[in-house]
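The values are calculated or read from the model by the stated rules, or taken from the named source; none is laboratory data. All values derive from a computational prediction rather than experimental measurement. We place every Cβ from the backbone using ideal geometry, glycine too, and count neighbours over all the protein chains shown. Just so you know, the surface numbers come from the protein's heavy atoms only, side chains and all, with ligands and any DNA or RNA stripped out. Shrake-Rupley method; radii C 1.70, N 1.55, O 1.52, S 1.80 Å.
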Amino acid sequence: MLDDRDRKLLTLIQRDADLSVTDLAERVALSVSACSRRIARLRESGYVARQVAILDRRAMRVPTTVFVMLRTTRHAADWLDAFRRAVADIPEIVEVHRLTGHYDYVLKVVLPNVEHYDQVYKDLVGRVELFDVSASISMETLKDDTALPTGFA
């Protein structure tokens, strides 16, 4: 079980992994060594899966987001393996979720512009058989956060 300090540490480091242990210790009212031990324990326990740098999409020239909803008539393991390989090999596809409901999958695709979506579409349908593909262009991002709520752990 996590305590309030653990949760606060996790909240802080997922917002800014560059914070020094000294800064973290001060913010959670611990000594530097105690804070360092807690962070190590949180990592060893699997609460911190990895640390990454989040790049600025505009600076990287991929400001456009397209959500692609897919339906398939195939649900066999071989099709799913081919689908997993296809989406893994297309770098513009940054998220893929299997769904309940009308669509089987939703993909989040980041692009330099809307016109580039056609290349991604052709690449994907050239790799796997799909029944229905529908795309929606994001007009505005109202929330874009990578931080998870820590109160449930």
Enter the Cα centre distance for the pair the stretch 81-153 and the stretch 1-58, rounded to the nearest angstrom.
30
Contact order relative to length for the chain, counting C-alpha pairs under 8 Å separated by 6 or more residues, stands in percent at 30
For Lys108, which aspartates and glutamates qualify as cross-link partners when the Cα separation must be under 17 Å and same-chain residues fewer than eight apart are set aside?
Asp56, Asp89, Glu92, Glu95, Asp118, Asp123, Asp132, Glu140, Asp144, Asp145
Give a residue-ordered list of calculated ³J(HN,Hα) values for the stretch 77-85 (Karplus: 6.51 cos²θ - 1.76 cosθ + 1.60, θ = phi - 60°; whole Hz; x for Gly, Pro).
4, 5, 5, 4, 4, 5, 5, 4, 5
So, in nm, how far is label Asp144 from label Arg74 when the simple model puts each one 7 Å beyond its Cα toward the Cβ?
3.4
Exposure rank, largest accessible area first [Phe152, Phe83, Phe67, Phe131; 1.4 Å]
Phe152, Phe131, Phe67, Phe83
Only helices counted: for the chain, with every DSSP H run of 4 or more residues adding -39500 (n - 2.57) and the sum spread over all residues, [θ] at 222 nm is -11000 deg cm²/dmol
Sulfur and carbon atoms: percent of accessible area, the stretch 39-153 [1.4 Å]
52
Please go through the stretch 71-153 and write out the trypsin sites (Lys or Arg not before Pro) that DSSP classes as loop and that have at most 16 other C-beta atoms within 10 Å.
Arg74, Lys143
Given charges at beta-carbon only (K, R positive; D, E negative), |dipole| of the chain in Debye:
440
State, as an integer percentage, the relative contact order of the stretch 1-91 based on alpha-carbon contacts under 8 Å between residues 6 or more apart.
17
Could you tell me which of rounded, prolate or oblate describes the stretch 48-153, using a ≥ b ≥ c as the square roots of the eigenvalues of the alpha-carbon gyration tensor, with rounded for a/c under 1.5 and, failing that, prolate when a/b is larger than b/c and oblate otherwise?
oblate
Please sort 33-39, 7-13, 47-53 by packing, taking for each peptide the average over its residues of neighbouring beta carbons within 10 angstrom, highest first.
7-13, 33-39, 47-53
